Amino acid sequence: NNTEDFFSSEEFFFSFRQKLLFDEYAATKAKKKSYNFLSACMEDFTTNYFLEMLRMYSELVNRKNLRMADFDEKSMQVFLNYFLVSQKNNKLSPTLLIYYQILLFLIDETNKKGEKAYSTYKNYLQKHLQQIPLKTAREICLFGQNFCVKNINLNKHLYLNELLELYNLMLKHNVMYDGQYLTEWTFKNYVTVALRLKAFKQAENFIETYHSKLSPDVAFNAYHYNLAALYYEQNNFDKALDELNEIHFSDTIYYLDARSILLKIYFTQENFEALASLYHSVRVYLLRNKQLSRKLAERYRNIFLYTYKLSLLINKKEYIAAKEYKVKYEQLGKKINQNTIANKPWLLKQFEDAA
């Protein structure tokens, strides 16, 4: 194969080994005294080296951004300078170009340089993703997904569109699959992003088309949960409730996410008695559940707790003085803002409407 056809560090490494063996044979056995394997061998080895270093530095920067570990950033800069100088006049592998952009947007993830690097990364993906081996392609796309999610969390909503575009590109080239199936969480993430964009038809088409691509043991719950989420966002609460009633609550996250939709329906309908009953049942469930991490359990506990407290406050509004209501309202708002809460943007919106 021509090295221009290679898209993974493994391919470059195997090509290097093959050419090295050819060169050793030619040096000892060949009758001709002119052979040129060694130079090409060195090029493949260098490309393999750069790919692995860019990949590892990308992971190191990612871990630093997640506050997991620091590393020697001066050494990284020395490496990058060497990379830029040595590759200046060479035709680079597409995968090498992609990993370089990944490292750039991880280093400058919240500013214009990072945004420009992501745009370049996306252009390379659109041209070359179908040619990249699946394992490498998944890793490359995961970096892009995380970059979009971080920017979405910074209220840069245009990255919702970017994330959906990335998901669609992954679907097109079968990168979303884990083995022969889509994972239920990838399935759910796609629907969640589409719903946040109000792309209801796109979400519905995805659910109906791809639920059969899920593992049989999770397809039923995933199908009905995501339909419930779709109907809720369309304010079709009766259909949402019908879908929620279909779910078998064997999975903790499905239980809590489905109950979260139910919570929002009860609150919107001002069915505060049912909401109170739901809050108490979920509180007991979380106390007994040992599977969830402490942080995740706290996030879910808080959405039910503070929605319940807001419902109590709203119920009292017409029976207490305006001044007293304002004090209690501000106290509750302070607690909501200080705590980590699942579905926090939704709760903040309900809180603001209750002013």
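FYI, it's all coordinate maths here, none of it is from the lab. Predicted, not measured: the structure shown is a model, and the values here were computed from it. A quick note on method: Cβ atoms are made from the backbone with ideal geometry, for glycine too, and the neighbour counts reach across all protein chains shown.
So here's what we get for this one:
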| item | result |
| --- | --- |
| Segment Glu139-Trp185, length gained on full extension (0.36 nm per residue, minus Cα span) | 14.9 nm |
| Length-normalised contact order of segment 202-336 in % [C-alpha pairs under 8 Å, at least 6 apart] | 16 percent |
| The chain - percent relative contact order, Cα under 8 Å, separation 6 or more | 8 percent |
| Cβ-derived FRET efficiency at R0 22 Å, Arg196 paired with Ala355, nearest 0.05 | 0.35 |
| Theoretical FRET efficiency, 1/(1+(r/R0)^6), r = Cβ-Cβ of Gln331 and Lys213, R0 56 Å, to 0.05 | 0.70 |
| GluC sites (Glu not before Pro) lying in DSSP loop within segment 248-300, provided at most 16 other Cβ fall within 10 Å | Glu270 |
| For Leu214, distant residues with modelled amide H under 5 Å away | Leu182 |
| Whole-Å distance, taken between Cα centres, linking segment 320-340 and segment 217-253 | 33 Å |
| Cα-based Rg / Dmax (Å) for segment 281-321 | 13.7, 44 |
| Range of Cα positions in segment 174-307 per principal axis (Å), largest first | 44, 33, 24 |
| Cα-based shape type of segment 164-241, given that a ≥ b ≥ c are square roots of the gyration tensor eigenvalues and the cut on a/c is 1.5 | oblate |
| Residue with peak Gaussian network fluctuation, the chain [Cα springs, cutoff 10 Å], from Leu296, Leu106, Leu66 | Leu66 |
| Ordering of 71-81, 257-267 by packing [mean C-beta count within 10 Å, highest first] | 257-267, 71-81 |
| Spatially proximal lysines relative to Lys74 (Cα-Cα < 20 Å; intrachain offsets below 8 disregarded) | Lys64, Lys113 |
| Pair Asn235, Glu52: separation of 7 Å Cα→Cβ label points (nm) | 5.9 nm |
| Label-point separation, Leu84 to Lys116 (7 Å along Cα→Cβ), nm | 1.1 nm |
| Cα-based radius of gyration of segment 247-343 once divided by 2.2 N^0.38 Å, which approximates compact folds | 1.15 |
| Peptides ranked, highest mean first, by Cβ atoms within 10 Å: ranges 277-287, 189-199 | 189-199, 277-287 |
| Under 15 Å from the Cα of Lys116 - aspartates and glutamates, other chains or at least 8 residues apart | Asp108, Glu162 |
| Residue with peak Gaussian network fluctuation, the chain [Cα springs, cutoff 10 Å], from Lys290, Lys64, Lys150 | Lys290 |
